[in-house]
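Here's the structure, in structure tokens; my notes come after.
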Amino acid sequence: MLHDPNRIYIFDTTLRDGEQVPGCQLSTIEKIEIGKALENLGVDVIEAGFPISSPGDFQSVLELSKAVREPIICALTRANKGDIDCAAEALKFAKHPRIHTGIGSSDMHIKYKFNSTREAILERAVEAVKYAKSFVEDIEFYAEDAGRADNEYLAKMVEAVIAAGATVVNIPDTNGYCLPEQYGSKILYLKENVKNIDQAIISVHCHNDLGLATANSIAGIENGARQVECTINGIGERAGNTSLEEVVMILKTHRTLNYHHRVNSKHLYELSGMVSRMMRMPVQPNKAIVGKNAFAHSSGIHQDGVLKHRETYEIINPEDVGIDQSEIILTARSGRHALKHHLERLGYSVDRIDLDQVYERFLVLADGKKEIKDDDILFLMGNETQQNYKNGLAINSLQVVTGDQSAPEATIDLNYNGKDHKATATGNGPVDATIKAIEKIIGRNFNIKEFNIHAIHSGSDDVSKVDMRVTDEGKSYMGYGFSTDIVRASANAYLDALNKFV
């Protein structure tokens, strides 16, 4: 077989090995949805299932073969005729079918799993490949537990199954045992000692028991493997499989390796979320490439560096994996540069703001709230805009009187157009009275279309946050305010909106 020497084939086993995780089983409909997304991603092979294992798995392979047309559809079997018959039947509608059959190759498996001998196992391996070849042309053979197998015997097995018709030979580190150097050396040994190795593609299938699955897969590629078996989010048996997104982005980032593949990395983040939701398997926040913290920065030093030049702390452009941009997380560890970035992003003119003063108030809020969101910044800026916008409105004082026998009355002292003004008004409630007092001073009425009250944190010292949408003559602005007093927070929000009209 002739192959592009630098082409890496991406074999996705999310729907087979990945689905073996307890609690992550998928329906046929869900498998088809993920399968189509994998096809859109650009994977070369989709291992659709293990047909003999259950009627549901058989049906999933059958239906996926109909629904997905571009990638190779692969079905797993053991090295026996019943499994292979079942797989061939499940693949009958596949445009590009592959049977993936195999048997143990380590002395551990030969003795304790099969109670057999090397010679007998080798014979079974060859028979399985020949039998599978009678159904489909594309046959992949897996030498289970190859990571712990004797290299000389493994080479003998690989040579025999290629001679029998295997087009791909899978060298799995089934238990995640190998170190990268050991695994890479094993692949190189096969390249140098299997006479007919040029007639098949070497595939790597690594598990993550020691956290080395991706490193071992890359070591395998560097030593001659040209297919990588992996899963979305690295899910799979025990500690999982090689992570597809990690392999793809390693090859993309280290261009000097000079390998290429068909995967469109811009779909990685979206597909990661789909698999996570359907399999009810959350992605750990610090997961490489697709974890929520993969492109998030909370340290002030890192934030400053990223804002000045992204590559100072990011070796991957987030857009390359389908994320719009890096996330600058505001916490008590954040610096002024990060706060300034968010203020500008939200539309504030920083040259009209006392940034040092805002930063001090920000730190107080951040110490109590741990992480500051956009709405917290908007509420935090409610008072600031009143005090710093040219010709803006700012409260000097506010007094509200309420009681059972009379309508609420509000007296407000405002700085408006550089002068202090005072007005008193009554209303249906303390907030309504305050709004009417403000309108007396500015000499006109605005329409409040939305009015919402929230809380920054719970407790007896709760700080109220108010947002409201104010409209006038076809224009509409959101106002934000916060205070321990709901009426004052509402007045701050109203004035914040009016300042934007000004």
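The values are calculated or read from the model by the stated rules, or taken from the named source; none is laboratory data. Because the structure is a prediction, the values reported are computed rather than measured. Note that we place each Cβ from the backbone using ideal geometry, even for glycine, and neighbour counts take in every protein chain shown. Heads up: the accessible areas ignore ligands, DNA and RNA and are worked out on the full protein's heavy atoms, side chains in. Shrake-Rupley method; radii C 1.70, N 1.55, O 1.52, S 1.80 Å.
Pairs spanning more than 25 Å between alpha-carbon atoms, out of Lys340/Lys419; Lys31/Lys287; Lys308/Lys373; Lys292/Lys500: Lys340/Lys419; Lys292/Lys500. With the whole protein complex present, His207 retains an accessible surface near 10 Å², based on a 1.4 Å probe. For Lys111, the aspartates and glutamates whose Cα falls under 19 Å of its own Cα, not counting residues fewer than eight places away in the same chain, are Glu119, Glu123, Glu144, Asp145, Asp150, Glu152, Asp173. Between helix 118-133 and the chain there is an angle of about 70 degrees, using the helix long axis and the longest principal axis of the Cα atoms.
Based on DSSP H runs of at least 4 residues, each adding -39500 (n - 2.57), what is the mean residue ellipticity at 222 nm of the chain after dividing by all its residues, to the nearest 500 deg cm²/dmol? Display every interim value, and only then the final one.
Values: 15 runs with 191 residues, N = 502.
Value at 222 nm, helices only, nearest 500: -12000 deg cm²/dmol.
The residues Lys419, Lys436, sorted by heavy-atom accessible surface at 1.4 Å with ligands and nucleic acids left out, run Lys419, Lys436 from largest to smallest. Working ranking of peptides 355-367, 131-143 by packing, defined as the average number of other Cβ atoms within 10 Å per residue, highest first, is 131-143, 355-367.
How far is helix 151-164 tilted off the main Cα axis of the chain, in degrees rounded to 10, range 0 to 90? Roughly 80 degrees between the two axes.
For a Förster distance of 51 Å, can you work out the FRET efficiency between the beta-carbons of Ala288 and Asn447, rounded to the nearest 0.05? With R0 = 51 Å, the Cβ-Cβ based efficiency is 0.50. Dipole of the chain computed with +1 at Lys/Arg Cβ and -1 at Asp/Glu Cβ about the Cα centre; of Ile84, Leu339, Ile103, farthest Cα towards the positive end is Leu339. Bridging of Lys422 to lysines at a Cα separation below 16 Å is possible for Lys436, Lys440, once same-chain residues fewer than 8 apart are set aside. Taking the longest Cα principal axis of the chain as reference, the axis of helix 81-90 is set at about 50 degrees.
How much of the calculated P(r) for the chain lies past 29 Å, in percent of all Cα pairs? Provide the component values of the computation, followed by the final result.
Details: 76359 of 125751 pairs.
Looking at the chain, the distances longer than 29 Å represent 61 percent of pairs.
So if the hydrodynamic radius of segment 394-500 is defined as the Kirkwood radius over C-alpha pairs, what does Stokes-Einstein give as its diffusion coefficient at 25 °C and 0.890 mPa s, in µm² per second?
Working: Rh = 14.1 Å.
D = 174 µm²/s.
Toward the positive end of the charge dipole of segment 394-500, with +1 on the Cβ of Lys and Arg and -1 on the Cβ of Asp and Glu, the farthest Cα among Ser483, Ala433, Asn417 is that of Asn417. For the chain, a crude dipole built from +1 on the beta carbon of Lys and Arg and -1 on the beta carbon of Asp and Glu, taken about the Cα centre, is about 500 debye to the nearest 20.
On the principal axes of its alpha carbon atoms, segment 9-279 extends 45, 43, 32 Å, with the longest extent given first.
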